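The values are calculated or read from the model by the stated rules, or taken from the named source; none is laboratory data. Keep in mind it's a predicted model, so treat the numbers as computed, not measured. Methodologically, a virtual Cβ is constructed for each residue, glycine included, from the backbone with ideal geometry; neighbour enumeration extends over all protein chains shown. Surface accessibility is based on the protein's heavy atoms, side chains included, excluding ligands, DNA and RNA. Shrake-Rupley method; radii C 1.70, N 1.55, O 1.52, S 1.80 Å.
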Amino acid sequence: MAIKDWPAEERPREKLLQRGSEALTDAELLAIFLRTGTPGKSAVDLARELLTDFGSLQALLDADLSRFCQANGLGSAKYAQLQAVLEMARRHFKEILQRGNALTSPDITRAYLSAHLRGYSYEVFACLFLDNQHRVIKLDELFRGTIDSASVYPREVAKQALHHNAAAVIFAHNHPSGISEPSQADKQITEKLKQALALFDIRVLDHFIIGDGQPYSFAEHGLL
């Protein structure tokens with residue numbers, strides 16, 4: 001049965017308008033993005049098939065062009081649309097943080113950092129530089145590769161913080177494995193960075209590790 005023949009309250013688009021986007025399943029959200037299905041399949045059927053194929057919505061969103069276009073019902077046009085949507089989301093979160101306070105908008109901060117770092121297949125260490133009202137000045141990717149005390153340089157972090165005239169910072173790095181628990185090296189480099197920045201009265205507010213689930217917060221776990 002085509003979606004247009006479904007009861008109005010069960011159609012993804014109408015359901016979203018009536019109950020909000022959070023009421024929709026991953027397949028229903030993806031179906032709205034797809035707009036149409038394929039012969040013999042509704043957009044929701046196709047969405048469910050794609051989620052099974054990729055393993056999760058996140059895996060689909062993180063797929064590169066080649067992998068994305070291999071899937072039934074997708075192609076370069078849909079890939080371009082998806083990338084535009086993801087970039088708009090990143091810019092939306094950034095604008096909110098620039099207007100507000102990173103500490104009073106923890107969910108937005110997590111979402112922004114996750115959207116920025118989650119798709120990398122290698123580790124990236126980034127720093128969110130904040131002014132004295134904890135508004136975002138800039139997000140910089142400072143180091144790439146294995147994140148440990150040998151590859152993250154406190155002097156360079158301090159140099160960039162002073163360059164941006166930052167009063168506080170939030171660190172973030174991704175774990176391509178998907179496991180967001182901190183390693184011993186993560187804990188050690190965080191402490192070294194905290195001590196180095198304290199010499200310039202720059203506060204380290206948090207360090208997020210971005211994995212497959214909810215980002216791990218050093219501050220929430222009492223590690224800062």
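Quick notes on this one:
- Restricting attention to the stretch 27-48, the residues being open to solvent by 20 Å² or more (accessible area, probe 1.4 Å), of a type in the set (Gly, Ala, Ser) and at pLDDT 90 or above number 0.
- Residues of the stretch 8-32 that turn out to be out of contact with any Pro (no Cβ under 9 Å at 6 or more places or on another chain) and among the hydroxyl-bearing types (Ser, Thr, Tyr), as a count: 1
- Enumeration of residues in the stretch 162-180 that are assigned to a loop (DSSP other than H, G, I, E, B), among the aliphatic types (A, V, I, L, M) and open to solvent by 60 Å² or more (accessible area, probe 1.4 Å): Ile179
- Test result for Ile96, modelled with pLDDT under 90, open to solvent by less than 70 Å² (accessible area, probe 1.4 Å) and either touching a Lys or Arg at 6+ places or on another chain (Cβ under 7 Å) or closer than 26 Å to Leu128 by Cβ (or both): yes
- Residues that are open to solvent by less than 30 Å² (accessible area, probe 1.4 Å), under 30 Å from Val85 (Cα atoms) and touching a residue at least 24 places away in the same chain (Cβ under 8 Å) do not occur anywhere in the stretch 181-204.
- Scanning the stretch 209-219 for residues that are within 13 Å of Ile170 (Cα to Cα) and surrounded by fewer than 16 Cβ atoms within 10 Å (Cβ to Cβ) yields one hit, Ala219.
- Any hit, the stretch 152-161, residues being surrounded by fewer than 17 Cβ atoms within 10 Å (Cβ to Cβ), without any contact (Cβ under 8 Å) to a residue 12 or more places away in the chain and either hydrophobic (A, V, I, L, M, F, W, C) or in contact with a Gly (Cβ under 9 Å, 6 or more places away or on another chain) (or both): no
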